[in-house]
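Structure record follows, encoded as structure tokens.
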Amino acid sequence: MKLEIERQVTVDSVVATFGYYLVVMDLECELNSKDFVDHAWKTAEAAAAEAEEPRNWIMFLNRHLNEVAKARALVWSLLVDSIHKARFSVIDCQADMSSLIEMPCPLLGNVNNPVQIELPSGKIGFGNMLELGDKCLQHVLTVRPGTYRVWVSRDDAQEYKHQSSLHMQTDVSQYPENDGPDWEFIFQRID
């Protein structure tokens, strides 16, 4: 999906995914820790066992992640791991974004665009959720600290193409130069 808006800054980031969950968050967010991931897994397993639905633990994990991550992290899942590109853009806080309101949002929790995220340090990180706490999230962009509206889009054709052709690959240089992005994140500061 090509979004026609004027951007102040745009950065592309390519990642080899593993663990089926990706995250965008402030690098200094308290959720950027191994404890968060471990707790999420244990909470999901316990909820599934209590509901006597052990095979549905992934549903409980998604619910837990959605609840805990509100306004602190953007989390979404994949069907298969591969290599993907995300585009991060910052737009003017006065820009008219009304044309993007109806755009479907691929994040967990059936949320609508735009979503809100707190960026207390302004350092936007992107990567695999299983890397939280390992200092492995990519620092993709630094913005002025504060609260941001974020419009998130997924290009289903690009994502499917890369899940099919780059399945289980880890060398990000294999991502075709002129492809993508698979996902786009447009940040607008709330004054």
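Exactly one residue out of Asp35, Asp26 is modelled with pLDDT of 80 or more, surrounded by 13 or more Cβ atoms within 10 Å (Cβ to Cβ) and either among the charged types (D, E, K, R) or more than 28 Å from Asp171 (Cβ to Cβ) (or both): that is Asp26.
Here Asp155 clears all of (1) modelled with pLDDT of 90 or more; (2) over 20 Å from Gln188 (Cβ atoms); (3) in contact with a Pro (Cβ under 8 Å, 6 or more places away or on another chain) except the condition numbered (1). Is it the case that Asp191 is within 21 Å of Ser89 (Cβ to Cβ) and modelled with pLDDT under 85? Yes; evaluated as a whole, the condition is true for this residue.
Got at least one residue in segment 105-127 being at pLDDT below 90, of a type in the set (S, T, N, Q) and in contact with a helix residue (DSSP H, G or I) (Cβ under 9 Å, 6 or more places away or on another chain)?
Yes, some residue in segment 105-127 is at pLDDT below 90, of a type in the set (S, T, N, Q) and in contact with a helix residue (DSSP H, G or I) (Cβ under 9 Å, 6 or more places away or on another chain).
Summed over segment 167-191, residues that are touching a helix residue (DSSP H, G or I) at 6+ places or on another chain (Cβ under 6 Å) and at negative phi total 1. The number of residues in segment 150-189 being part of a loop (DSSP other than H, G, I, E, B), among the charged types (D, E, K, R) and touching a residue at least 40 places away in the same chain (Cβ under 8 Å) comes to 4. Filtering segment 103-136 to residues that are in contact with a Phe, Trp or Tyr (Cβ under 7 Å, 6 or more places away or on another chain), farther than 18 Å from Lys85 by Cβ and assigned to a loop (DSSP other than H, G, I, E, B) leaves Met103, Leu108, Asn113, Pro114, Leu132.
The values are calculated or read from the model by the stated rules, or taken from the named source; none is laboratory data. Everything numeric in this text was worked out from a predicted model, so none of it was measured. Glycine gets a Cβ as well: all are built from the backbone with ideal geometry, and neighbour counts include every protein chain shown.
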